[in-house]
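Presented below is the structure to which this report refers.
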Amino acid sequence: MTRAVVLQTRRHFVGRSFPFVWAGFTLVAGGAMIGLWALHCLLELSFINPRNTVFRMVLTIAVFPAASFLLGRIQRALIDGPRLVRNR
């Protein structure tokens, strides 16, 4: 379900500023984690303490900038790598 949301809204985030993308990630990741928490509550037929879910959500959102930067640099290096080898 999260993948469907990402694929449908991808065009709105391509080429946008990082804070805009981060806000979108926050909404999608938060919604997905709250949805998983609700599903666990339904499966267990009891209210599960949301503290762990909130902690996981905050940690994921806080780590996103560093992970995004590192993965972006790796992607650029992989894409530019063949061009650098051909130009030598």
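Given N residues in the chain, what is its alpha carbon radius of gyration divided by 2.2 N^0.38 Å?
Values: Rg = 17.7 Å, N = 88, 2.2 N^0.38 = 12.1 Å.
Relative to the rule-of-thumb radius for its length, the chain sits at 1.47.
What do you get for the angle between helix 18-44 and the principal long axis of the chain? Use alpha-carbon atoms, 0 to 90 degrees, nearest ten.
30 degrees
Roughly how big is the chain's charge dipole about its Cα centre, with Cβ charges of +1 (Lys, Arg) and -1 (Asp, Glu), in debye to the nearest 20?
580 debye
Relative contact order, percent, of segment 2-86 when contacts are C-alpha pairs under 8 Å separated by at least 6 residues?
So the answer I get is 26 percent.
Under 13 Å from the Cβ of F25, count the other residues' Cβ atoms, weight Lys and Arg +1, Asp and Glu -1, and hand me the total.
Summing Lys and Arg as +1 and Asp and Glu as -1 gives +2.
Every read-out reported here was derived from the displayed coordinates using simple, explicitly stated rules and does not represent laboratory data. Worth saying up front: this structure is predicted, and the values here are computed from it rather than measured. Quick reminder, even Gly has a Cβ in these numbers, built from the backbone with ideal geometry, and neighbours come from all protein chains shown.
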